[in-house]
Ligand code: GDP
């Protein structure tokens with residue numbers, strides 16, 4: 001858990017010569033230890049679902065996108081982040097959506113990108129998905145950061161590694177969030193976090209761990225989201 005730890009400034013990739021494999025960009029920050037969730041209970045409005053990554057959304061505001069493999073816990077995390085259990089649908093039948101879901105908070109949009117890694121996806125489904133995501137990553141002028149979800153229990157899949165490449169190529173700020181830490185003991189989760197960060201070539205400041213079920217790491221993630229959009233409160 002990274003509660004209370006603050007990253008060392010907003011370096012453009014960390015200034016370590018660019019040889020680490022993490023997606024580049026200013027890392028998210030964890031401004032305050034043990035603070036309450038600053039996004040809990042803020043007004044949230046579902047704007048809509050859009051197939052076109054270039055869709056114009058008014059008013060223009062910074063965007064934070066959430067992405068991850070199907071069933072990683074993305075809907076649950078989004079709901080936990082804003083303290084609204086029923087906001088994003090928790091999946092019963094994954095694999096249907098190829099739409100970008102926009103949620104308006106007062107000073108930012110949370111963008112729920114479709115999950116990847118469906119066993120039954122066809123080749124053309126995969127190509128369409130890739131086009132949607134690369135289109136989104138490349139064209140959104142107000143995209144302030146990507147929250148990339150990975151299940152702490154599993155090694156990165158082929159699709160996770162492909163997503164990692166897309167994120168690296170996008171040069172967008174990325175925070176990798178390991179989900180479902182309640183499935184492991186505290187010490188096993190800490191070890192896994194380190195292992196996964198190393199395996200993915202991510203700086204320790206670019207990773208954090210959460211349990212949406214128990215609210216662990218959620219306030220820190222909310223603070224990171226606010227910091228990533230320039231510190232304006234929600
Ligand atoms: P999505 O497909 O990525 O949107 O994943 P969902 O949010 O629908 O979650 C998939 C499954 O994981 C559901 O059964 C959730 O209840 C479960 N889940 C999500 N977050 C957590 C968590 O933090 N802990 C545990 N134990 N289960 C979780």
Criterion: outside any helix (DSSP H, G or I) and either within 16 Å of the ligand (Cβ to nearest atom) or at pLDDT 95 or above (or both) - qualifying residue of 149, 221: 149
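Residues are listed down the side, and each one gets a yes or a no for (1) touching a residue at least 40 places away in the same chain (Cβ under 8 Å); (2) more than 16 Å from the ligand (Cβ to nearest atom); (3) part of a loop (DSSP other than H, G, I, E, B); (4) crowded, with 21+ Cβ neighbours inside 10 Å:
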| residue | (1), (2), (3), (4) |
| --- | --- |
| 131 | no, yes, no, no |
| 164 | yes, yes, no, yes |
| 188 | no, no, no, no |
| 202 | yes, yes, yes, yes |
Residue selected from segment 172-186 under the condition touching a residue at least 60 places away in the same chain (Cβ under 8 Å) and either within 10 Å of the ligand (Cβ to nearest atom) or assigned to a helix (DSSP H, G or I) (or both), by the criterion surrounded by the most Cβ atoms within 10 Å (Cβ to Cβ): 179
Condition met for residue 30 (modelled with pLDDT under 95 and either away from the ligand (no atom under 16 Å from the Cβ) or at positive phi (or both)): yes
First in segment 104-123 and on the phi > 0 side of the Ramachandran plot, second anywhere and within 11 Å of the ligand (Cβ to nearest atom), Cβ under 8 Å, 6 or more apart: 117/69; 117/70
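Rundown of residues vs (1) buried (at least 16 other Cβ atoms within 10 Å of the Cβ); (2) touching a helix residue (DSSP H, G or I) at 6+ places or on another chain (Cβ under 6 Å), yes/no style:
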| residue | (1), (2) |
| --- | --- |
| 161 | no, no |
| 167 | yes, no |
| 170 | yes, yes |
| 194 | no, no |
| 226 | yes, no |
Sole exception among (1) in contact with a strand residue (DSSP E or B) (Cβ under 7 Å, 6 or more places away or on another chain); (2) away from the ligand (no atom under 13 Å from the Cβ); (3) under 23 Å from residue 39 (Cα atoms) for residue 107, by number: (1)
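The values are calculated or read from the model by the stated rules, or taken from the named source; none is laboratory data. Note that this is a predicted model, so its numbers are computed, not measured. Note that each Cβ is placed from the backbone with ideal geometry, even for glycine, and that neighbours are counted across all protein chains shown.
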